[in-house]
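For reference, the structure discussed in these notes is given below.
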Amino acid sequence: MPENDLLLNFEQSVLPHLDAAYNFARWLTRNEQDAQDVTQEAYLRAFRFFPGFRGGDARAWIMKIVRNTCYSWLRENRRLQDATEYDENLIPDDCPAPNPEEVVFQKDSATLVQKALERLPADFREVLILRELEGMSYKEIAAITGMAPGTVMSSLSRARDRLRKGLTGLMTRCEVDGESR
């Protein structure tokens, strides 16, 4: 395939998913600059291997590359503490009260959801992001994560339950620490 055709096909197939790819990387790395770096690296890899792309779901294809790039980057640059299971017993209930500025931010429901999502283990966070924020099907998520579709469904169920419990805990803390005293 001539280079111009390759570039045009890449732009038409893969480039429209750049925002979704960045969003996914942002949730996995929990850092805007790191997500930008990971997304750039993922797109470079995707372009390098695009001649081998045999069609199909370009969105799932690029998201899998972003996922793999994120985890490679995290292994090289950070400890994989985020990949361990969340243990409620490790976080004390008597954490210090937030300063007034933090209370204002915690009142914002989007901030609470973000905090609850960030506290989830990486495998739960990624399936929730792919399903709920990116609107991907179970089949697409399975292709991206390498999980069986049944495992995707059970992981989503457990992730939603953990998110619900996390939100309840954060909202309760806001009521105790905030104005509702």
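When the test is whether a residue is over 19 Å from Ala143 (Cβ atoms), among the charged types (D, E, K, R), in a helix (DSSP H, G or I) and at pLDDT below 95, Glu11 passes it. The residues in segment 51-95 that are at pLDDT 50 or above and assigned to a loop (DSSP other than H, G, I, E, B) can be counted, and the count is 7. Ala148 satisfies every condition listed in (1) under 17 Å from the mean Cα position of the chain (by Cα); (2) open to solvent by 30 Å² or more (accessible area, probe 1.4 Å) except (1).
Answer yes or no: is there a residue in segment 96-109 that is open to solvent by 50 Å² or more (accessible area, probe 1.4 Å), among the hydroxyl-bearing types (Ser, Thr, Tyr), assigned to a helix (DSSP H, G or I) and at pLDDT 85 or above. No.
The values are calculated or read from the model by the stated rules, or taken from the named source; none is laboratory data. A quick note: this is a predicted structure, and the numbers were derived from the prediction, not measured. All Cβ positions, even for glycine, are placed from backbone atoms using ideal geometry, and neighbour counts span all protein chains on display. Each accessible area value is taken on the protein alone, full model and side chains, heavy atoms only, with ligands, DNA and RNA left out. Shrake-Rupley method; radii C 1.70, N 1.55, O 1.52, S 1.80 Å.
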